[in-house]
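Every read-out reported here was derived from the displayed coordinates using simple, explicitly stated rules and does not represent laboratory data. Since this is a predicted model, take the numbers as computed values, not measurements. As a convention, Cβ positions derive from the backbone with ideal geometry for all residues, glycine included, and neighbour counts pool all protein chains shown.
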Amino acid sequence: MKKIVIFGGTTEGRELAEWCDKNRIKAYVSVTTEYGAHLLPDSENVVISDKKMTEKEILEFVENVGADIIVDATHPYAKEVTKNIKNAINLYGTDKADYYRVVRENDECVDGAEYFDNIDEAVRFLDKTDGNIFVTTGSKELKKICGLSDYKKRCAVRVLDSEEVIRQCHELGFDDERIIADRGPFSVDDNIEQLKKYKASYMITKESGMTGGFKAKGVKMIIVRRPVESGVTVKEMENILSEKKIIIAGIGMDGQKSLTNDVENAINEAEVIIGAGRMTRSVSEKISGKDVFVSYKSNDIADFINKSEKKRFVILMSGDTGFFSGTKSLLPLLKGYDTEVMSGIASPVYFAAKTGMTWQDMHFVSLHGNDANIIRNVCSNEKTFFILGKCRGVYR
């Protein structure tokens, strides 16, 4: 079993920790507050550190665990933390552990909202407006909020209920009446009540995604866009951590008689065999006693694998996986899993061998769910190979 380290403190980090606990996968989770630790599962599968770490301490943490997989699920605005994690991994050795950055899924645009790339731009915009402002961008951005004219009168701030944060608010000139020290998540009713209390005309917030309660925030919105990042979603990360092995295998033209050694071995080692009824029946002797899921639809197959507790799957495709195969539509749905594609014997290769002709100069046309001008194709090419559907024939 691989050793997993998750740097969290976010909804994504908590969801991954809960998923690991549910699937009995041991994970070492780092958060920076006792509150963050409180939200995580109390389980032998989840080992928690609630200490803020420097780059050196991150390295020591990863080394002590002997991490094989390192997941950065920290806040999208915590650039310094991500930088420290990456530096520590470079020192640890990128050959020792795989690194994944978990990113939040894109938000829908909010009608009527004003979007800005950073807090400074948002402050300059608000400085030209009138009316009270409800600030939910966090304590780290409060100094920039203080750049507003009359900020002490216009702004009410919602921050974490820690003594250090409240002291910081006082030092910046916010009195107790304009400080909401609380812990989320906040409901729609919570937001409405607080906005009414301070008679706010504006609410400034960060683009936190649906997981951050963004959809629950109402009124005229001033939104600071989150940094653009590449990475994996929570679901894709779960796929990676699941350690499921999926092989998409071409079984050739004659089922059991035309299997390659690699495909035959994969079928023998699999826990679950998946494929259309015609595919599974063609290898019935080899899959006796195994779990079988009969389907040719990519979405149904992916959904079955996502929900299954099994670890090793073989998905059967007719002919070759790269020749007018369902493999093309299936692969994107299995993103994140350990997936391998094994070739089989394609129909034109099989046909050419049986007839003693070459196939490298054939022209290929699929009539499987498609229309094509058969006569024109035959007249335009010396050899034309048609792949037929159930209700189509060359006479058409």
Give the shape of segment 114-224 as rounded, prolate or oblate, defined through the alpha-carbon gyration tensor: a ≥ b ≥ c are the square roots of its eigenvalues, a/c under 1.5 means rounded, and otherwise the shape is prolate if a/b is larger than b/c and oblate if not.
rounded
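Write out the trypsin sites (Lys or Arg not before Pro) in segment 99-182 meeting two conditions: DSSP loop, and at most 13 other Cβ atoms within 10 Å of their Cβ.
In loop regions of segment 99-182 (DSSP not H, G, I, E or B), the sparsely surrounded trypsin sites (Lys or Arg not before Pro) are 128.
What net charge do the residues around residue 183 carry, taking every other residue with its C-beta under 13 Å from that of residue 183, with Lys and Arg at +1 and Asp and Glu at -1? Could you put the intermediate results ahead of the total?
On the way: positive: 158; negative: 34, 161, 182, 190.
Net local charge, residue 183 excluded: -3.
Based on the Cβ-Cβ distance of residue 229 and residue 172, what FRET efficiency does E = 1/(1 + (r/R0)^6) give at R0 = 25 Å, to the nearest 0.05?
Taking R0 as 25 Å, the efficiency between residue 229 and residue 172 is 0.25.
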Report the full-extension gain for the segment residue 371 to residue 254: residue separation times 0.36 nm, less the Cα-Cα distance, to one decimal in nm.
39.4 nm
What's the FRET efficiency of residue 52 with residue 94 using the Cβ-Cβ distance as r and R₀ = 35 Å, to the nearest 0.05?
0.90
Can you give the extra length, in nm with one decimal, that the chain gains between residue 182 and residue 43 once fully stretched, where that is 0.36 nm per residue apart less the Cα-Cα distance?
47.4 nm
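Once R0 is set to 45 Å, what does the formula 1/(1 + (r/R0)^6) return for the Cβ-Cβ distance between residue 128 and residue 162, expressed as a FRET efficiency to the nearest 0.05?
On the way: r = 33 Å, r/R0 = 0.74.
With a Förster radius of 45 Å, E is 0.85.
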Name the residue from 38, 289, 157 whose Cα lies farthest towards the positive end of the charge dipole of the chain, charges +1 on Cβ of Lys and Arg and -1 on Cβ of Asp and Glu.
289
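With an 8 Å Cα cut-off and a minimum separation of 6 or more residues, compute the relative contact order for the chain in percent.
12
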GluC sites (Glu not before Pro) lying in DSSP loop within segment 264-371, provided at most 11 other Cβ fall within 10 Å:
285, 309
Starting from the Cα-Cα distance between residue 219 and residue 80, subtract it from 0.36 nm times their residue separation and give me the gain in nm to one decimal.
46.9 nm
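I need the chymotrypsin sites (Phe, Trp or Tyr not before Pro) found in segment 58-156, filtered to DSSP loop residues with at most 12 other beta carbons within 10 Å of theirs. Mind dumping the intermediate values first?
Working: sites: 61, 77, 92, 99, 100, 115, 116, 125, 134, 151; in loops: 77.
Filter output for segment 58-156: empty list.
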Once you charge only the Cβ atoms, +1 for Lys and Arg and -1 for Asp and Glu, what is the size of the charge dipole of segment 114-224 about its Cα centre, to the nearest 20 debye?
240
By how many degrees, between 0 and 90 and to the nearest 10, does the Cα long axis of helix 188-197 differ from the longest principal axis of the chain?
20
Helix 298-307: inclination vs the chain longest Cα principal axis, degrees, rounded to 10, gives 60
Given (1) 61, 45, 39; (2) 89, 51, 37; (3) 71, 53, 47, the label whose value is Cα extents along the principal axes in Å derived from this model:
(2)
Find the relative contact order for segment 4-103 and round it to a whole percent, using C-alpha pairs within less than 8 Å whose residues are 6+ positions apart.
31
Distance in nm between residue 60 and residue 379 label points, each 7 Å along Cα→Cβ, equals 8.2
Suppose every K and R has +1 on its Cβ and every D and E has -1 on its Cβ; what is the size of the dipole of the chain about the Cα centre, in Debye to the nearest 20?
1180
